[in-house]
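The values are calculated or read from the model by the stated rules, or taken from the named source; none is laboratory data. Since the model is a prediction, treat every value here as computed from it, not as a measurement. Using ideal geometry, Cβ is built from the backbone for each residue, glycine included, and neighbour counts are taken over all protein chains shown. Keep in mind that these areas ignore ligands, DNA and RNA; they rest on the heavy atoms of the full protein, side chains included. Shrake-Rupley method; radii C 1.70, N 1.55, O 1.52, S 1.80 Å.
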Amino acid sequence: PMFSDIKEIKSPSQWDDIKAESSSSNKSILLNFTAAWCPPCRMIAPVLQKLAKEHSDGILFCKIDIDAPETTDIVADHAVSAVPTFIGFDSTGSIVNTFSGADKAALDDTIGKLLVSKT
């Protein structure tokens, strides 16, 4: 599949599993809130895919479709008002960086921070 390195989160319990995996494996998380109808989301997708391949040893790459009914609570918990929105968490669950938009520089910057935040 095209998004083999990016896990799609489809339920709150799956998100809990990812956070547990992050903690136990000492990996950061990059969470991408996206939507099928969003052109910038489609534009940044191949960039994200490439980064996921390069950094899968240190970061868990995840995406959430904001329109999926099962993920409404996760979207609300993170106050997502625009797509794409990216949130980077360190392995303790603290937010390292958040930004919205298909901003490759911000994406690279966030990934740099997530790799550094690993102890």
>> Going by what's in this entry, would Thr110 be described as β-branched (Val, Ile, Thr) and either open to solvent by 20 Å² or more (accessible area, probe 1.4 Å) or part of a loop (DSSP other than H, G, I, E, B) (or both)?
In response: no
> Just a yes or no: is a residue in the stretch 52-66 within 21 Å of Lys10 (Cα to Cα), touching a residue at least 60 places away in the same chain (Cβ under 8 Å) and not aliphatic (A, V, I, L, M)?
Replying inline: yes
>> Can you tell me how many residues within the stretch 1-53 are of a type in the set (D, E, K, R), under 13 Å from the mean Cα position of the chain (by Cα) and more than 18 Å from Val80 (Cβ to Cβ)?
In response: 2
>> Out of the strands (runs of 3 or more DSSP E) lying entirely within the stretch 29-101, which hold 1 or more residues that are open to solvent by less than 20 Å² (accessible area, probe 1.4 Å) and either out of contact with any Asp or Glu (no Cβ under 7 Å at 6 or more places or on another chain) or modelled with pLDDT of 95 or more (or both)?
In response: 59-65, 85-89
